[in-house]
Structures are given as C-alpha cells and as structure tokens.
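The values are calculated or read from the model by the stated rules, or taken from the named source; none is laboratory data. Treat the numbers as computed from the prediction; the structure is a model and nothing was measured. Because the Cβ atoms are built from the backbone with ideal geometry, glycine has one as well, and the counts that use them run over all protein chains shown. All accessible areas refer to the heavy atoms of the entire protein, side chains included, with ligands and DNA or RNA removed. Shrake-Rupley method; radii C 1.70, N 1.55, O 1.52, S 1.80 Å.
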Amino acid sequence: MDARTEHDVAWAAGIFDGEGSTSTYLTKPNKIPRRQMAVSQGGVPAHTPSVLLRFREIVRVGSITGPYDGLYYWKITTNDDVDAVGAMLWRHLSREKRQQFAAAATRMQRPLPGPLDDSGGRDFEAAWAAGLFDGEGTFGAYAKPHRRPSWRGARMSIPQASATNAPEPLLRFRSAVGVGTVTGPRIVPSPWSRLPQYCWQANGRHVCTAAIKVMWPWLGPVKRAEIRAAIEHLDPDADDWMA
C-alpha cells in the first residue's frame, strides 16, 4: 500500500477493537518479559484471511501464522513495532484497547502514545465501523414464522463480550452507522468466553441498508460478497434496496 490514508488507519483500528489484543508474556527458556500485539481471524487451511493481509499492509509490520484451531493470527513482538503500531492506531482505538495497551506498556516501562480518555478528532468513524464489521459482523437473510415460505428479511449483527456494561465498540458502532440496537447482557454457552454477551443488531432491509451504505466504501471483499449473496435470497417482491 503506497499511500496509507487515515481511513485505512481507522479501518485497522476497527479490526483491532474487535479482534485485537495487547499482552505481555515470558519467553522460554529465559523468562524475559515481552509485549505482543495480535489480531485473530477465522479461516480455512491455505487461505489466509483477507482482513489480516489488509491489516498487515496498513501497519506495514508483523507476520501472519495459522491456522490453529481454525484461527489465523497477525502478530508483532518487538518493542519498536508495538510502539509504532500503538501510536498509529491510538487516535481511533476504544478506551478498552487503550487500557490494555497501557497495562502492557507499564509492565515494560514503555511510554504511551497519548491519553487514555481522549476521543477527540474521530473524523473517520465510518471506516472504523467498517473495520469492526469486517472483523466481527454478520449479514444474512432470514425467514419469519407466519410469513409466506419465500419471504426473507435482512439482519445484521456484531457480538461482543463484556464483564461489566455494554462494550464501548458496540455503542460507538451504533453511533457511527446511526441505526440498530445494542442488546444484552445474555449468558450463552461458549468455548471462547464465559463473559456476558452483548450484541448490536439491525433488522429489516431499510435499517440494514442505512448501515451498509455508511460502511460500504471501506468494507473488505469478504463482507461485500457475504452481503451480496444474502441479498439474492431476500424477498423477491421487494424494491431494489441496495444502491
């Protein structure tokens, strides 16, 4: 990527808010503390997820490994790389991811890129929302009881877990796209998290259209294909709803 724009960085921050983490660990066998930034994404063997390739192209560092139990990982571990990527994404990151980054930086006695609570200057929220949706969102067509068998409606959702209140990224996403609701908490059986689950969701073609139009210029090819495939199964009697 020759010309990295602020929209690209905001999209990358959206992916990181949904699927990323900053942590510390001890190397083996020397037990030397080290930081790590990682972004995970599901995929199939021999097909590296396009969102991880795009993320690496934007931040310009890191390696992608996997799959391990169906997940691929973009990772960096050197202090200079972690500092650089943290500084790049900081302006657009949620407070939760900033706190996570700050905790790891404190353990390693490294400086922070900026204040934890500064959310000013977020002028690229549509691109950030597209990044979050590329990482965690789903779009599909669904049937409804008591409607004719051919009827299909549109539904979008983004799930996230939180031990306390509704996750900031879901509330921020709703504000960015201007539609939908955030529901929860709900306890569900999950091999990945026992935390209460929350969900941003939108139902109905007109509501979903509004959200998609906000994100569309920055959505990746996988989500665009998912949306187009679902549209083919929507109510055939409806007007054309995707410009």
**Q.** the chain, relative contact order in percent, only Cα pairs under 8 angstrom and at least six apart counted
**A.** 20
Q: Would you mind telling me the share, in percent, of accessible area of the chain contributed by carbon and sulfur at probe 1.4 angstrom?
A: 52
Q. Quick one: length gained pulling Asp80 to Thr181 fully straight, 0.36 nm per residue minus the C-alpha distance?
A. 32.4 nm
Q. So, in nm, how far is label Tyr68 from label Arg228 when the simple model puts each one 7 Å beyond its Cα toward the Cβ?
A. 3.5
Q.
For a bin width of 10 Å, list the pair-distance distribution of segment 46-102 built from all Cα-Cα distances, rounded to whole %.
A. 21, 47, 30, 2
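In µm²/s, what is D for the chain at 10 °C and 1.306 mPa s, where D = kT/(6 pi eta Rh) by Stokes-Einstein and Rh is the Kirkwood radius from Cα pairs? Before the final figure, lay out each step's value.
Numbers: Rh = 19.1 Å.
The calculation lands on 83 µm²/s.
Counting other Cβ atoms within 10 Å of each Cβ, which trypsin sites (Lys or Arg not before Pro) in segment 1-93 have at most 13 and sit in a DSSP loop?
Passing sites in segment 1-93 are Lys31, Arg60.
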**Q.** Nearest-ten-degree value, helix 79-89 long axis tilted from longest Cα axis of the chain
**A.** 40
Q.
With the cut-off at 1.5 for a/c, could you classify segment 1-85 from its C-alpha gyration tensor as rounded, prolate or oblate?
A. oblate
**Q.** Å² per residue, accessible surface of the chain at 1.4 Å
**A.** 52
Q. So what are the radius of gyration and Dmax for the Cα set of segment 37-141, in Å?
A. 14.8, 49
Q: Would you mind working out the magnitude of the charge dipole of segment 75-115 relative to its Cα centre, with +1 at each Lys and Arg C-beta and -1 at each Asp and Glu C-beta, to the nearest 20 Debye?
A: 180
Q) How far is helix 205-215 tilted off the main Cα axis of the chain, in degrees rounded to 10, range 0 to 90? A) 30
